[in-house]
Amino acid sequence: MYAIFEDGSRQYRVEEGSVVNIDHRECTEGQTLELSKVLLVGGATAKIGQPLVAGAKVVVEVVGFPRVKTQTQLFRRRKNVRRLRGHTQPYVRVKVKQIVG
């Protein structure tokens, strides 16, 4: 059984036991979250929402908080222009425990 849910402006296809990175929110490690914006629940028969599947949810457990550091460098030769900017994007890594459909 698999499900497609929406978080933020992105959609994720998950199965039970899979690990995904979702947008950051205030929670603690080991906490259980319920994601209720389920667009599709698949398996032997698929349930397609219009736009959401009624009563469906994805139960996940918080595993960690990875951070991705990106750096952007601007350089123009012979102009003495150099700029280095960095950005750290926080995420929440979750493991899917159950798909209720």
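Observations on the model:
- Matching residues in the stretch 5-14 - criterion: being assigned to a strand (DSSP E or B) and open to solvent by less than 90 Å² (accessible area, probe 1.4 Å): F5, E6, D7, Y12, V14
- Conditions (1) surrounded by 12 or more Cβ atoms within 10 Å (Cβ to Cβ); (2) out of contact with any Phe, Trp or Tyr (no Cβ under 9 Å at 6 or more places or on another chain); (3) under 20 Å from M1 (Cβ atoms): number failed by G55: (1)
- Within the stretch 21-51, the set of residues being assigned to a loop (DSSP other than H, G, I, E, B) and within 20 Å of P66 (Cα to Cα) comprises H24, R25, E26, C27, T28, E29, G30, Q31.
- Residues satisfying the stated conditions in the stretch 21-68, i.e. closer than 14 Å to Q98 by Cα and either among the hydrophobic types (A, V, I, L, M, F, W, C) or touching a residue at least 60 places away in the same chain (Cβ under 8 Å) (or both): T32, L33, L35, V38, V41, A56, V58, V59, V60, V62
- In the stretch 71-92, residue most open to solvent (accessible area, probe 1.4 Å) [restricted to those that are in contact with a Phe, Trp or Tyr (Cβ under 8 Å, 6 or more places away or on another chain) and closer than 30 Å to E34 by Cβ]: Y91
- Residue count for the stretch 64-101, restricted to those that are outside any strand (DSSP E or B) and either out of contact with any strand residue (DSSP E or B) (no Cβ under 7 Å at 6 or more places or on another chain) or farther than 16 Å from R13 by Cβ (or both): 6
- As a summary of the residue check, E61 satisfies the conditions (1) open to solvent by 40 Å² or more (accessible area, probe 1.4 Å); (2) closer than 12 Å to V94 by Cα; (3) outside any strand (DSSP E or B) except for the one numbered (3).
The values are calculated or read from the model by the stated rules, or taken from the named source; none is laboratory data. Bear in mind the structure is a predicted one, so any value in this text is a computation, not a measurement. Ideal geometry is used to build each Cβ from the backbone, glycine not excepted, and the neighbour counts take in all protein chains shown. Surface accessibility is based on the protein's heavy atoms, side chains included, excluding ligands, DNA and RNA. Shrake-Rupley method; radii C 1.70, N 1.55, O 1.52, S 1.80 Å.
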